[in-house]
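**Q** The structure under discussion is supplied below as C-alpha cells; questions concerning it will follow.
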C-alpha cells in the first residue's frame, strides 16, 4: 500500500508532470515564473489549493453527488469548491503575507481558473481513486507544478542575463525553454 502511494506521488510529480506532460496550468506557469520568490509563492498556494480541493471534492462526489445521481454535476461543483478555496488563500495571504499577495497580483485569482486544480479533482473521480489516493495524487501533482514553475523561474532569471537574438526574446525563448524542460522530464519515466 505504501509503495503504491509513493509511486503515485512520484509519478504525479515527475513522470506525469501536470504542466510539462499534460499541459495543464500553463497560464500561471508562464506568467508567474519571472521571479523565483513569486514562483515559490504561487507553487505553495497551488499545493495548498489542489490538495485541499481534492480532500473536499472526494467526499462531495462520493457521499453527495453519486448517491443523489448528480455526478454529472462534478465539474460545476468542483469549480465552486475551488473558487471558495482560492478566496480563502487570497484572504490569508492578504492578511499575513501582503508582499507575496501583491507580487502574485492578478495570478492569484487565476488559480480559480487554473485547469490544473480542476483537472486533479476530475482525474481523481475518473480514475476511481479512494480518499488517500486522491490526496496523494493531488499532493504529487501540485508538487510537480511547484517544481516546474520554480525551475522555470530560475532559468528565466538566468536568461535575462544572456544575450539573446532579438527574434527569440520574450515568448519564443520561453516556449523553447518549456519544451526543453518537458523533454528533460521525460527522463523521469524510468523511475516507475
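**Q** For residue 126 and residue 157 in one chain, what is 0.36 nm times their gap in residues minus the Cα-Cα distance, to one decimal in nm?
**A** Contour length minus Cα-Cα distance gives 7.3 nm.
**Q** Compare the peptides 135-146, 155-166, 71-82 by average per-residue count of other Cβ atoms within 10 angstrom and give them in order, highest first.
**A** 135-146, 71-82, 155-166
**Q** So, one more: From the square roots a ≥ b ≥ c of the eigenvalues of the alpha-carbon gyration tensor of segment 1-88, which class results: rounded (a/c under 1.5), prolate (a/b over b/c), or oblate?
**A** Cα axes put segment 1-88 in the oblate bin.
**Q** How much length, in nm to one decimal, is gained on full extension between residue 84 and residue 99, taken as 0.36 nm per residue of separation minus their Cα-Cα distance?
**A** 3.2 nm
**Q** How long, wide and thick is the chain, going by the Cα atoms along their three principal axes, in whole angstroms, largest first?
**A** Principal axes ranked by extent give 60, 43, 27 Å for the Cα atoms.
**Q** Using label points projected 7 Å from each Cα along Cα→Cβ, tell me how many nm separate residue 62 and residue 113, to one decimal.
**A** About 3.3 nm, to one decimal.
**Q** Let me ask something additional. Decide, for segment 67-158, between rounded, prolate and oblate: order the square roots of the alpha carbon gyration tensor eigenvalues as a ≥ b ≥ c, take rounded if a/c falls under 1.5, and otherwise choose prolate if a/b is larger than b/c, else oblate.
**A** Oblate, since a/c reaches 1.5 and b/c is not below a/b.
**Q** Quick one: angle between helix 74-96 and the longest Cα principal axis of the chain, in degrees between 0 and 90, rounded to 10, please.
**A** 60 degrees
**Q** Quick one: if you stick a label point 7 Å off each Cα along the C-beta vector at residue 34 and residue 166, how many nm between them?
**A** Result: 2.2 nm between the two label points.
**Q** How far, in degrees from 0 to 90, does helix 36-60 lean away from the longest principal axis of the Cα atoms of the chain, to the nearest 10?
**A** The answer is roughly 10 degrees.
**Q** How far, in nm, would the chain grow between residue 183 and residue 4 when pulled straight, counting 0.36 nm per residue and subtracting the alpha carbon separation?
**A** 61.9 nm
**Q** How far is the Cα center of segment 114-161 from the Cα center of segment 66-82, in Å?
**A** A separation of 21 Å, based on Cα centres.
**Q** May I pose another question? Suppose R0 equals 41 Å; then what is the FRET efficiency for residue 44 and residue 76 from their Cβ-Cβ distance, rounded to the nearest 0.05?
**A** 0.90
**Q** Still on this structure, I have one more. Nearest 10 degrees, 0 to 90: what angle lies between the long axis of helix 171-185 and the longest principal axis of the chain (Cα atoms)?
**A** For helix 171-185, the angle is close to 60 degrees.
Read the figures in this text as sums done on the coordinates, not as results from a lab. Here the structure is a predicted model, which is why all the values come from computation and not from measurement. Please note: Cβ atoms are built from the backbone with ideal geometry, for glycine as well, and neighbour counts cover all protein chains shown.
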